[in-house]
Amino acid sequence: MKNFRRVVCVVVCLAFVSAASRSAQAENWPQWRGPSGSGVSGEKSAPTVWSDKENIAWRLPLPGPGGATPIIWNDRIFVTTVDGDGLALMCVGTDGKALWKKVVAEGNKDVRGDEGNYASPTPVTDGQHVWAFFGEGTLVCFDFAGNQVWKKNLQEDYGKFEIQFGMSSTPVLHGDNLYLQLIHGKWSSEPSRGHVVALNKTTGAEVWKTLRVTDAVNENKHSYASPILYQDDATAYLVTHGADYVVAYNLADGKELWRCGNLNPKSNYNDTLRLVASPASAPGLIVVPSAKGGP
């Protein structure tokens, strides 16, 4: 774990530097891939070169490693981290001072040696509350002062996560709802029991759930991707990626709108073709990655 911890701390420090150096008018970065979900920032002043001293505004030790991206809202930075055997959400000021840390669950698991852990999904915020999801199933909501608003475990609600390297999907926040893809299944020919779910952001109550139907087998049932929100001038819907298919869902009721298969052709089927990278989109276009060794 030592090597992984060193890498994670450097990444977090670089993200913090860009946050600390931004102007008061700079855009917030409230979720994974930023405000538009594209990963593109309009900022022009962020440094592009670093060394141990150059362009480092401050450093803050973390209690442990984590695979999530820090998010930023005004003068607050939120990041998830491992803390011993626990899983925590931290709030840090853009001046580098730790404001609060909340351990919300126990039972962290390191995966692939020291390459990952259960603090991998990225938090999301609307500027008043922040939500964090962890690989052992905990989904929790805090206000900016660090008060817990609600907490639940999605394994208790939707079944045990059968996924080799841990559930790492990041929630999507849109309107009043949080959207999550829980794509997993036993390494067998048994049908997958994965779900796509929408939860009310204020209470955590279920708005809808949809069985993520697939004929994938073995490791192909596992997805490490995150859902994305597709939007254009005419429509908006949720796009999920994994278990041999890209599938779009209606945001209001979870009904399947369309699906795209042939990501793992039956004529040359690879039963270890797990999908890891997430889709990206622009109006009129959705780009879907395959997997190593894939078509």
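How many residues, within the range 142-182, are within 20 Å of Gln231 (Cβ to Cβ) and not aromatic (Phe, Trp, Tyr)? Give the steps one after another, and end with the answer.
Of all residues in the range 142-182, those within 20 Å of Gln231 (Cβ to Cβ) come to 169-181.
The next check asks that each one be not aromatic (Phe, Trp, Tyr); those that pass are 169-178, 180-181.
Within the range 142-182, residues that are within 20 Å of Gln231 (Cβ to Cβ) and not aromatic (Phe, Trp, Tyr) number 12.
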Condition met for Lys102 (closer than 16 Å to Ile77 by Cβ, modelled with pLDDT of 95 or more and not in a loop (DSSP other than H, G, I, E, B)): yes
Go through the range 230-270 and count every residue that is without any contact (Cβ under 8 Å) to a residue 40 or more places away in the chain, within 23 Å of the chain's Cα centre (by Cα) and closer than 15 Å to Ala291 by Cα. 3
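Sort out which residues of the range 248-268 are part of a loop (DSSP other than H, G, I, E, B) and farther than 20 Å from Ile163 by Cβ, and write them in order of number.
Just the residues of the range 248-268 that are part of a loop (DSSP other than H, G, I, E, B), to begin with: 250-255, 261-265.
Of everything in the range 248-268, those that are part of a loop (DSSP other than H, G, I, E, B) and farther than 20 Å from Ile163 by Cβ turn out to be Asn250, Leu251, Ala252, Asp253, Gly254, Lys255, Gly261, Asn262, Pro265.
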With respect to Thr203, is the statement that it is surrounded by fewer than 17 Cβ atoms within 10 Å (Cβ to Cβ) and either of a type in the set (Ser, Thr, Tyr) or not in a strand (DSSP E or B) (or both) true? yes
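Yes or no, residue by residue, for (1) out of contact with any Pro (no Cβ under 6 Å at 6 or more places or on another chain); (2) buried (at least 23 other Cβ atoms within 10 Å of the Cβ):
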{"position": "Leu182", "(1), (2)": "yes, yes"}
{"position": "Thr235", "(1), (2)": "yes, no"}
{"position": "Thr240", "(1), (2)": "no, yes"}
{"position": "Val247", "(1), (2)": "yes, yes"}
{"position": "Asn250", "(1), (2)": "yes, no"}
{"position": "Glu256", "(1), (2)": "yes, no"}
{"position": "Tyr269", "(1), (2)": "yes, no"}
Here are Leu285, Leu238, Leu211: which of them is farther than 25 Å from Ser120 by Cβ and at pLDDT 90 or above? Leu285
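The values are calculated or read from the model by the stated rules, or taken from the named source; none is laboratory data. Predicted model, so just to flag it, every value in this text is computed and none were measured. Every residue, glycine as well, gets a Cβ built from its backbone with ideal geometry; the counts of neighbours run over all protein chains shown.
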